[in-house]
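Okay, so here's the structure we're looking at.
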Amino acid sequence: MAVLRATLLNESAPNPSRRAALDSLVSAKDPDLPVVLTGLLKESSLRGPAIRALAGYADPTTPDALISSYRSFDAAQKQDALNTLVSRAVFARPLLAAVEKGQLAKTDAID
């Protein structure tokens, strides 16, 4: 798994190789993957798959990572983030708080 993580984190590796490494790590339920996934939120080419993969982990940093990056997401990524945030009760609470604070538009959360 360390080799796959290294490939995934190698920004000069071809995108298909990085995506294959991500898919393999997600399939293997790599316990060290959540921290890597939140780092991938800054990379547009892997952001969507990373957001979706975060739903598979009960990592307590996920809601804050998604909410703080939410405004930089495109429409599909915003939908992926919302789906991830509603996938677990412990993620949904911060989502509701963010909507109440105006960090996320109510219309986004309703769609």
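The values are calculated or read from the model by the stated rules, or taken from the named source; none is laboratory data. Predicted model only: the values in this text are computed from it and were never measured. In this analysis, Cβ positions are derived from the backbone assuming ideal geometry, glycine residues included, and neighbour counts consider all displayed protein chains. Heads up: the accessible areas ignore ligands, DNA and RNA and are worked out on the full protein's heavy atoms, side chains in. Shrake-Rupley method; radii C 1.70, N 1.55, O 1.52, S 1.80 Å.
Would you mind classifying the range 23-73 by shape? Square roots of the alpha carbon gyration tensor eigenvalues, ordered a ≥ b ≥ c; an a/c under 1.5 is rounded, otherwise it is prolate if a/b is larger than b/c and oblate if not. If you can, show how the numbers build up before the last one.
Values: a/c = 2.25, a/b = 1.38, b/c = 1.63.
Note, shape of the range 23-73 comes out oblate.
From the square roots a ≥ b ≥ c of the eigenvalues of the alpha-carbon gyration tensor of the chain, which class results: rounded (a/c under 1.5), prolate (a/b over b/c), or oblate? The shape class here is prolate. Computed from phi, the 3J(HN,Hα) profile of the range 83-96 under the Karplus parametrisation 6.51, -1.76, 1.60 (θ = phi - 60°) reads 4, 5, 5, 8, 6, 9, 4, 5, 8, 5, 4, x, 4, 4 Hz, with x in place of Gly and Pro.
Surface exposure of the range 43-105, expressed per residue as accessible area with a 1.4 Å probe, stands at 49 Å². Look at the alpha carbon pairs under 8 Å that are at least 6 residues apart: their mean separation over the length of the chain gives a relative contact order of 18 percent. I'd like the distance separating the alpha-carbon centroids of the range 1-36 and the range 41-57, in whole Å. If you average the Cα positions of each part, the centres end up 11 Å apart.
Extension gain for the segment Ala2 to Arg19, taken as residue separation times 0.36 nm less the Cα-Cα distance, is 4.6 nm to one decimal.
Here the chain is assigned +1 on the Cβ of each Lys and Arg and -1 on the Cβ of each Asp and Glu. Its dipole about the Cα centre then comes out at about 60 debye.
Between Ala75, Val3, Leu22, the Cα set farthest toward the positive side of the dipole of the range 1-90 (charges on each charged residue's Cβ, about the Cα centre) is that of Ala75. Each Lys and Arg adds +1 at its Cβ and each Asp and Glu adds -1 at its Cβ; summed about the Cα centre, the range 30-79 shows a dipole of about 260 debye.
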